Each structure stands twice: as structure tokens, then as C-alpha cells.
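Everything below concerns the one structure shown next.
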């Protein structure tokens, strides 16, 4: 015999202003099966919850309907309250009379009628609810971090220090990411390598971290706590066990003019190379595309030179399969190509470069040993113009967003330039200066007040070459004057974009990507580290343009989510998943075709002798998201949703139509 | 009395610049509606001014014209010389990051300035008038009378006087005007009856 | 090959006579048929759109109505811009189209799909390889600064003609006829347009910059695709000389004149004598004339 309790919330004025809650309460009190019907101002508050708990005990309720806001908001709250009173939480449901009623209607009479209907038919459903237990899924206590920049490094270290195994996968030959390319970091002007390399070495040496560089994630199967990942470890053609990093091979390599990716084309490297001196691991890699042996045969001088015989031209890519319980995406960012504006030369001018290229010029270990020289002729730079917002905040280019970090690194570049070239002139064209972080505003003021950098407010219309200089045609809107500056070097603050290949990787994981290619967080305000996919977390610029402090903070946040997961022996998942009636299932697998979560598997039913009787569908309790597509696809009603069974759904519908 | 006059002389304009009156709002809306361009989207980056080939000669540069339109300052904008100096080279339109067709907005402002009879650049307006009168008459531009008419109307009687004989000797001056002015007159007449 | 409808533009029989003449000669030589739009009227150029939007559309729409062919060719960059802008506006704005129709009362506009081409495009469509084969006098050693101006390439969304900052179509043609297009930065800088009449100082300043850039780039001549630009760059050199005491002595030719020369057309058919700054010394000096 059903004994349902109905609890109607005023939600302050949110519901009560439009819905006559007293009327709803009285109407439901008369509904068959309802033995308790009350209203209260704030049901989710402590006293409100106490009302529910007491009623469950006193009236021996068999089910609870809370008529209030959206279950997205409060279902866990009320279910916990019921559980505390000894009622199975899945016998408690919420009727949404706020977002679905009071917030979208203005006619009080009609809204009240509708609210009554909403609660009534949910009561009919709850009468047919069955008690359910959460599904407990085991957790593999090993984490996978994809991306070895500062975000991935920080996350990996935090998890490893928490006592769990981490696999860190990085597709470049070395970890370090873009931070390794920087000269100094704002606002402290710390030497970037100096603060980064200790962490890089810590990663290499940490007993809990397995570092896989020059590797990429090929495939991901499974679900939270139980992922199976396939990683391709690309062939370096160097035996990592044997190589000591002596560098003799690099010295010997005759291919010396290959544009260096680390120096962004401003410097050269050899075909067998280590990307930068502090690379971790300090093991060279052979670039097949440019290696003479791979292209035409012959050479193999590195092999001859190596004292340990570490060169192995027959090395193959390896495919590794690993089981992990959680994945952190820390794939970082890239810059848009600097030829984006044809009015800035469209990439024709060697002395128009982007911010990362300027970092390499500033860098003591860079292609010019830290001297600011023109890429075109190596001459000294006496005047430099920094152009902000190149691509960013540009609706016409399809990049409406702000790239966040450029205002700060432009100020940094200007300050560092002035430090190196005392009699040099630095100009910055800007629209706004965004310096909201700790010590940021003071840093920008330093550029203006102490270093004499000239800030001009306005965009640049055109850059062209004349008499060996770059003429920058811009404007200072504050004074209303068009300005033309002849510069030796122009640095474009190009927009930040998501790394190459992110869309494909995201698809493998089922993580959505926004319209600009950045990975989507579960909720922009309250869940900026989680994704829609349970067990997959975000850290760093892969989510949105971000500076180093925020990246490190977010990475530690992601690590804490993982550590929280690993601290338990099992993960609880919602039991409202599909279930197959194996008696009636004929094994047509229409459900499998309909399932977007790849949650339906084949299950063999055998007799006692081990003979195959039939093959039926089986729902993976870890993967099923309870969407119900399978229940529609099934031709003979052999699959149903726990908590949303067909019987319950029809009961709800009948209650509406009966009214 | 003297003090008041001094104070009057110190203010730049007759309007109170900060108050956005109903009239000011209506002006902004009218410009947006008639040009079909979202002047309200302009975030004052100045790229139009930076690229404008005649900005150096303007009393109010293009980005500031846009700002004044946003603030409904019809007097300052419609009475400016700047809108007449604009040659319609489309550099601003091409480069605007907010995809505003600034040249089109300039067209609209000129139309409005003429309607309100406040056009400030005598030479340019005289040239445009002479040109349009010329094609009304002949259907196609007849350069000799165009120059003559401009010189007479503008008062620059001897402007390019030296060019006449030169062009004539090179055979670059048409001697006879064309005769399909009627077609053009029909169009002008059809437009004449339209209300803005 | 069907004839292109030809819109000469108002200056064709006047200040840009050499353009029209060289155009006709070149097209005849290449077998490109041009059929002048009967009773065509002025497109309105700058003055029309500058004072009345509907007027500017109506004038062009009338010409479209009169056009015997859906493919219209013009050599004047301003006319080209007005025609393309009008066709674009009418294709994207039905209500506006209705207003224009009321004014123009067209008889032959419905269902037509207009294609507007600049003469330079027509030559490209003809084929640069073809042109190259027909060259009898390659303009070897002639350094040409190709000047495109504003309205040929901007705004790119409407014009769709080449790169708006570093266009190449004229350079390619110049190279195909054996001359040497120079690399320079003022290809699309404004010449000052109609200010030649009301504010000549503006034109003098802007054209000085252009001519100086051409000279610094080592050009012998400047090649143009627009009568307005031509007259500003050519005729006004006299004023630059008089007022600013600077002599550029830079001949400014229509690209059709250069093309005609290379195709072996008689000089008298190309109007070289009509240019203000005489190109003959340079051309003769290079053995091209």
C-alpha cells in the first residue's frame, strides 16, 4: 500500500509568487496514495529537510515527492535526507515546479493548476518506484596525464606525491611544453627554465611516474575508474636504456640546417637532435623526414660515432595498453599562424614575428644567445613595436575572445627589451590592458613608468617595409592621431588557440569541444576542472587561454579530484541504468546500434554442459548513462530503465491525460 | 556680463556632451537603421583611423566619428568636414574587426547632412552637385562643362586653367556631350518623390 | 565565344581616351568580343553613393537592365566597384531590390544572373599562357610598378578580386608579357580619388607617396587599371612639380597599353601620345618602341 509524502517548497518568492502552494498542498492531500502533504518556505534548508525526515519516520512513508526546483539542483540533497531517515533514496523524486512552472508562467491560476498536475503525475510514478542500490565500480588507482607541459607536470607530481602511479604521455621528444621556450615569466621575471627544470627532473626521477615522451594516445576505451588506453610510443631510433646523452651523435650529424621547432624557425637543428639543452629525457630523437639515411640511404654517421651503440635504425613504434582509473587532459595551447592579417605582410616579412619567437630571441639559450637581433639580417634592434590583439577580439577573423595572457607578456617583452637595449625604443599598440592578476597591474605600470615604454591606444592598420625598416601604421585614439613608427622589429601578440589534434583526441574520449576548439568543462563556474565524461579532467590552457599561476592551480585541482577518486575503493554510479530481460531478449542488438555510449555488450548464455544456448545483450553498468535510447530500439520490450521503467512512464502519462 | 561671455567662449560646444538625450538616442538609432550597420558594436580600436588615407586632413577622425554617433552627437558629426573628406576607399570597411562597414556609415552621414542642410565642406559638396547635375543633363559625364561649372560655383575660377589647353591638345577633352540625359532624369525624378 | 557586355565609363571618350582605345585594340587582337551596352548611363561613381544610396543603386540597375549580356566588363575600377556592389546588394537584400525596381522600372532584369568582370579578369580568363604565346615583342627590361588602387580590390567580401593587400593579377600579366613587375608596398594605397577637384592638395600628397615608392622600388613606369588613378598619378605630376618642386618623371600607363605593345599592336592604336608624362623616352631607350 503506497504511503506517499508530498513536500511543497515556496522557494522564498520564486515559486510562491506565481504558484498558490497552499492550493497545491490541499489538492495533493486528496490524491489517492498520498498520506502526508505539507508546504514550507525553504525545503532544502536544514529545518526543511528535518520536516521530510520526521515525516518519513512518523508516517511510515513508502515514497517522497518534493515539489520544488530542478532535480539538477537538489535531488542529491533530498535523497540524502531520505536515506538518513531510512528510506531508500531512489524512492524520492523531485517535481520541478520552479524552472518548469513558476519561472516560465505569469498566470497564477493556470500555473497553480499546472503545478498540481506536475506533482500528481510524479506521485503516480513514485508509487511504482523500486528501491535501488548505487552501482559500485572498482577503481584502477593509476592516473593518465596527457600532455607534459607545466600543467601536466604539476598534475603528475601532485598525484605521484599522493602515493599513486601516474603515466605521463607527451608527444614531443621532451616534456616542458611552451614554458620551456620562455625566457622569463611575468610578473616576477623568474628565468623560466630555472623554475621549470627542477620540476621536470622531479618527474623523471619520481618512482611513481612513468614518463612516456615522443608518445601519443591512440585509443581510449572504458569508463571512469576503468579506462583502457592504447599509447603509441613512437620510435626515436635511439635505445633509451643505453644512451647516456653524451651528444656525440648530434655533433657528428651532417644535416645541420633544419629549422628548429623549439626556436620556432629562428634557429637550426640537426636531424638527430635534442630539442633543447635541458630536455627531459636527455635522449636524442631522429627526425625521419630530414635524416639522410631514411631519405636516401647511406650516412648513419651517428651510429658510427655513438660510443655505446645506442642508435637503432630498426626501432619500431610500440603500442602499449594500460589500465588507468582517471585521465587528466593537459594538452596546452598553440598560437594562430602569424600571417593572419595580409595587411601586416601576410607572413612575408622576416622581421615581423610572434611572441614565442621573441621569447627565443630574448632567451640566453636561444638562436641569438639572448641578443635582440633582426631575423632578416642579424642587425641590432634599436626600435621595436609590439602589436596587441593580433587575431584576438576580432569578430571578422572568427576569434571573438580575448587571449588573456598577451597584455602581460607584451609588457614583459617591452621591459626585457629595455633591459637588454638601454638606448632602445619600445612601443606597444593596445586596445585595453588586461592585468587583473596578483602584481600584474604594478608590472604593467613598471613598463610605462620605469622603463619608458610608450603605450599607444589603437590597432595597427598596416605594416610594410621601407628603406630597411618596418613602417607600422597605427593610431593613438586617446589623442586622435594617426601614427607611423619605423621599427627594426615588430612582435605580434597572436591569438591563443587549442593545440593541434585536440578535436580528434577529445572525440576518442567523448569530451565535448567548444566552438573555438577548446575543451569544454562540465560547468563554467562551479565545475571548471571536470568534463562531461566522468573520470576525465582538465588542466591548463587546453580549456581556455590561461597564465602559469592559474594553470598550476588548476593542475593541482585536477590532481585533487583524482586523489579523491583514488581514496575510495569503489566509485558509486547512479543505478538508473538499462537492464536486459535475458529471458525474452532475442539477441538482435538493435539496442547496441542505438546506444551512444558503447555500453551494450554481447553475453553468452550457456547450459550446464557449457553449450551455447543463446547470445543476449548485456548492459555495462559502468558505461550506461541511462539515456533510454535502447528501450525505444528494442522490438520486444526486453530492455528497460531502472527508475524510469515503461510501467512508470505510462503511469505518469495516464495521470496527465486522466485529468 | 563679461564673465558670462568668457565662460561661454570657454565651452567647446553648445551641447552638454554627457547627457544622452532622447534626441541623441534617436540620432544613433537612425544612423544604425539607415546604414544597416551596427555602429553600436564599434569598440573604438581605431584601426579605421589608422588606415584612412585622408585622416591626416580630417577635423574628426573616423573612429571618433563613430564614437560621436554612438553618443548621439548629431551636430558635431553632421557638421564635420571629415565626412566630406572621406573618399570611400573602403580601407576601414576591409579591416574593421567588428565587421562594420564604416564607409557605408559615412555615406549615410553625408545623406543626413545634406537633408539637414548642414554640409560643411563647400568644395566637395559643390563638386558632387556639379557632377550629378552634369549626368542629369547629359546622361554621361561631360568633363568640360563639369570643370567649368565647378569652377564657377566654387569660386575657384582659374583652377586647372592650365590643364584645359593641354588636354585639348592631347585630344582628351570630349567635344560633344552624350544625349541620354532623359534616362538619368527619370531616375532623379522617381527619387525626388521619396520621403526619407 | 559570346560577346561581353562592355561598360566603357564616362571618361572613356574623354580624359581616358587612351584606355578605351587600347582596350578596343587589345580585345580585337585577342578575339575578345565587346558589345557596348546601348544607351548606357553614368554609374554614379563616387558622388552618387556619397549622397544617395538608392540613386547609386538605381543608376547601375538601369545599366544592368540595358545590358545585352549577363556578363559585364568594364575597365574602370570605380565602375567595376559600383556594379559589383550593386549586384551584391541586390542579391542579398530583397526589400532593397524592390525599392530600386520601383525607381528604375526595369523591363529586362528578372531571372538574370549577372557576372561583373574587370578587364584584367577577362584577360586572365582568356588565359595568361595564351597571351604569352601571342606576345611578339616581350617587354624585356621594363620594370613596372603595378598599381591597383582601392576600388579594384576592396572590400574583399564584395569584390573577391585578388588579395586586398598584395594583389598579384596585374603583376602576373606584366610578367607574362615579358616585363618585370617590381615588388613594392604601395599597390593598394589610395590616390585621393575625386579630391583632384575639391581638395587637390590631398591628391598631391597621396600621389607623391605612391610615385616615390614606385621610384624607390626601381620602377621605370607605373601600370594602372583605373582612369581616376591614372589621371591623378599622371596629370598631377605637373602640379607636384609646380607646387612642391619635385619631379618624378614617372610615366603612368594603362595595363592595356603595355599589353598592346607586347602583342605588336601599332603604337598609334594604343594612345601613348595621350599620356601626360611621356613614356616614349623610356620605352625607346629599352628598344621597345
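Taking chain C as a Gaussian network of alpha-carbon nodes connected by springs under 10 Å, the highest mean-square fluctuation of the residues C:17, C:137, C:108 belongs to C:108. Derived value for region C:4-119: Kirkwood hydrodynamic radius 14.4 Å. Basis is the mean of 1/r over every pair of different alpha-carbon atoms. Normalised by the number of residues in chain B, what is the relative contact order in percent for Cα pairs under 8 Å and 6+ residues apart? That works out to 17 percent. The label point for residue A:567 and the one for residue B:133, both projected 7 Å from the Cα toward the Cβ, are 8.9 nm apart.
Here the calculated FRET efficiency for residue A:70 and residue A:218, from their Cβ-Cβ distance with R0 = 45 Å, stands at 0.70, rounded to the nearest 0.05.
When only Cα pairs under 8 Å and 6 or more residues apart are kept, what is the percent relative contact order across chain C? The normalised contact order for chain C reaches 21 percent. Region C:1-53 and region B:69-107 have their alpha-carbon centroids 30 Å apart. Over the C-alpha trace of region C:135-285, radius of gyration and Dmax come out as 14.8, 44 angstrom.
Cβ-Cβ distance of residue A:84 and residue A:319, R₀ of 45 Å, FRET efficiency by 1/(1 + (r/R0)^6): the value works out to about 0.35. Annotation: for a label point projected 7 angstrom from Cα along Cα→Cβ of residue A:454, residues of region A:402-443 with backbone N closer than 20 Å are A:410-433. Helix A:108-127 and the longest principal axis of the C-alpha atoms of chain A enclose an angle of approximately 80°. Helix B:102-115 and the longest principal axis of the Cα set of chain B meet at an angle near 80°.
Distance between the C-alpha centres of region A:298-377 and region C:176-246: 45 Å, rounded to the whole angstrom. If a spin label sat at a point 7 angstrom from the Cα of residue A:635 along the line to its beta carbon, the backbone N atoms of region A:590-610 nearer than 13 Å would be those of A:590-591. Rg over Rh for region B:18-115 works out to 0.92, using Cα positions for both radii and the Kirkwood form for Rh.
The alpha-carbon atoms of the protein assembly as shown, seen along their principal axes, cover 112, 89, 80 angstrom, with the largest extent given first.
Of the Cα atoms belonging to region B:122-192, the radius of gyration and Dmax stand at 13.3, 40 Å. Helix A:646-658 axis versus longest C-alpha principal axis of chain A: approximately 70°, rounded to the nearest ten. When a/c reaches 1.5 or more, the comparison of a/b and b/c decides; with that in mind, is region A:338-484 rounded, prolate or oblate per its Cα gyration tensor? Taking the square roots of the gyration eigenvalues as a ≥ b ≥ c, region A:338-484 is rounded. Taking a ≥ b ≥ c as the square roots of the Cα gyration tensor eigenvalues, region A:158-276 comes out oblate, since a/c reaches at least 1.5 and a/b does not exceed b/c. In whole percents, the pair-distance distribution calculated for region A:34-120 from its alpha-carbon pairs, binned every 5 Å from zero, is 3, 15, 25, 25, 17, 10, 4, 1. Taking C:60, C:158, C:116 as the candidate residues, the one with maximal mean-square fluctuation in a Gaussian network model of chain C, Cα springs under 10 Å, is C:158. With N the number of residues in region A:578-641, Rg(Cα) / (2.2 N^0.38 Å) evaluates to 1.08. Considering every Cα-Cα pair within chain A, what fraction, in whole percent, is farther apart than 44 Å? When every Cα pair of chain A is considered, 41 percent fall beyond 44 Å. Using a cutoff of 8 angstrom between alpha carbon atoms and counting only pairs six or more residues apart, the relative contact order for chain A works out to 13 percent.
The distance separating the Cα centre of region A:218-290 from that of region A:606-659 comes to 51 Å. Largest first, the three principal axis extents of the alpha carbons in chain C are 57, 44, 31 Å in whole numbers. Using a 10 angstrom cutoff on alpha carbons, build the Gaussian network for chain B and name the most mobile of B:66, B:112, B:167. For chain B, modelled as a Gaussian network with Cα springs under 10 Å, the answer is B:167. Please work out the FRET efficiency for the pair residue C:108 and residue B:182, using the Cβ-Cβ distance as r and a Förster radius of 22 Å; give the result to the nearest 0.05. With R0 = 22 Å, the Cβ-Cβ based efficiency is 0.75.
Evaluate region A:235-316: find the radius of gyration of its Cα atoms, find its Kirkwood radius, and give the ratio Rg to Rh.
0.93
Calculate I(q)/I(0) for region C:71-206 by the Debye formula, one identical point scatterer on each C-alpha and no solvent, and give its log10 at q = 0.09, 0.22 Å⁻¹ to two decimals. Calculated log10 I(q)/I(0) at the listed q: -0.37, -1.31.
Laboratory data are not the source of any read-out in this text; all were calculated from the coordinates shown. For clarity, every value in this text was computed on a predicted model and none was experimentally measured. All Cβ positions, even for glycine, are placed from backbone atoms using ideal geometry, and neighbour counts span all protein chains on display.
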